1. Put a dot 7 Å past each Cα toward the Cβ at Leu243 and Glu184; how far apart are the dots in nm?
2. Nearest 10 degrees is fine. How inclined is helix 128-139 to the longest principal axis of the chain, computing both from alpha carbons?
3. Among the DSSP beta bridges whose two residues both lie in the chain, what percent are antiparallel, rounded to the nearest 5?
4. For a footprinting-style exposure proxy, rank Thr50, Thr30, Thr100, Thr272 by other Cβ within 10 Å, fewest first.
5. For the range 1-138, what proportion of DSSP beta bridges, expressed in % and rounded to the nearest 5, is antiparallel?
6. Hey, what D do you get for the range 1-141 in µm²/s if you plug the Kirkwood alpha-carbon radius into Stokes-Einstein at 37 °C and 0.692 mPa s?
7. To the nearest 0.05, how large is the calculated FRET efficiency for Ile47 and Gln300 if R₀ is 30 Å and r is the Cβ-Cβ distance?
8. Order these by the 10 Å Cβ neighbour count, fewest first: Ser174, Ser75.
Amino acid sequence: MINIALIGYGYWGPNVARNIHANPDLKLHTVCDANEEMLEKAKRLYIAQTKYELSYKKLLDNPEIHAIAIAVETSGHFNLVKEALLAGKNVYVEKPFTSTVKEAEELRDLANKLNLIIHVDHIMIFHPIIKKIKSLFESGELGELLYIDAMRMNLGQIKKDVSAMWDLAVHDLSIIDYLVDGKEPFYINAVGEKYYNPKESLCFLTLRYKGFISHIQSSWISPLKERKLIIAGSKKMVVFDDLKSEKLFIYDKGVDVISGENIEYKDYAVKTRDGDILIPYVKVEDALYNSINHFKECVQEKKQSISNPDQAIRLQKILEEADKNMNK
């Protein structure tokens, strides 16, 4: 049994606590929050099964606690993760990993030195639909990747310590990174606006990779809630709409070359192909539960998480570069 203490019982913390509590190999040892009202909410759910603390310092000195889960604002991640590692605790931390690449690299090096696990909750790569899409690419069914179009929008929740891009696009960047095994873009461009917020609440991110391009929309000021991913392969195309009951659609559609080999010559011609639409069965799973369970396995087996600091650093390098050329 692995004892985990949770720091932060605000917006996302209750979901993390619920999934830790649901795992038979984990014990939600302590819930910590500096706000007594948040702790009272936790107490009404977990009663005497769990301990409660206002100060996270008490968690670090407790030898019964094997791991720390961190669900606070991004600006607080670096210091909390560092202190947890120095106290000998494995760490589960919400995305984005840290506020800067430099901070992320320091924490990665410290974890490696101390032989401890850091698992960054890039939750979408633990979604059963994303795992299914990866299997479709690996089997060759979709063909070569042509482009990815991602939309992640809603009215709120506006955060002050990160932009909509850092908060929302990081999900889609983690999906792309997972699907293409860590391939990095050679071109990054972004535009955005700081409506109602010191950081961008609306962002459009464009990336070019070798062989394909990607466009990612992130917005906290949309009248519609969207969680949609369009992935075009040379053989088939897929749409993942996370808000629908039927989430994955595989389109047997594409473009075939019917004559000529060179687009510059007049004999070059193509035709579109319009086939069936398949809605495959994918077993329903809780992505957050899968993420936490993977962290548990990594701690038990002393192995690196698939959402480890190196993956987080690849994503944050993209976000930092996008920030640099935002609105140029």
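1. Here the modelled spin labels are 3.4 nm apart.
2. 40 degrees
3. Numbers: 41 of 69 bridges.
Counting only bridges with both partners in the chain, antiparallel ones make up about 60 percent.
4. On the way: Thr50 19, Thr30 22, Thr100 14, Thr272 8.
The fewest-first ordering by Cβ neighbours comes to Thr272, Thr100, Thr50, Thr30.
5. Working: 0 of 21 bridges.
Antiparallel bridges make up about 0 percent of those DSSP assigns within the range 1-138.
6. Working: Rh = 15.9 Å.
Reported coefficient: 206 µm²/s.
7. Numbers: r = 28 Å, r/R0 = 0.93.
Once rounded, the FRET efficiency stands at 0.60.
8. Details: Ser174 24, Ser75 13.
Final ranking by Cβ density, sparse to dense: Ser75, Ser174.
None of the figures in this text is laboratory data; all of them are computed from the coordinates on show. Remember, predicted model here, so these are calculated numbers, not experimental data. A quick note on method: Cβ atoms are made from the backbone with ideal geometry, for glycine too, and the neighbour counts reach across all protein chains shown.
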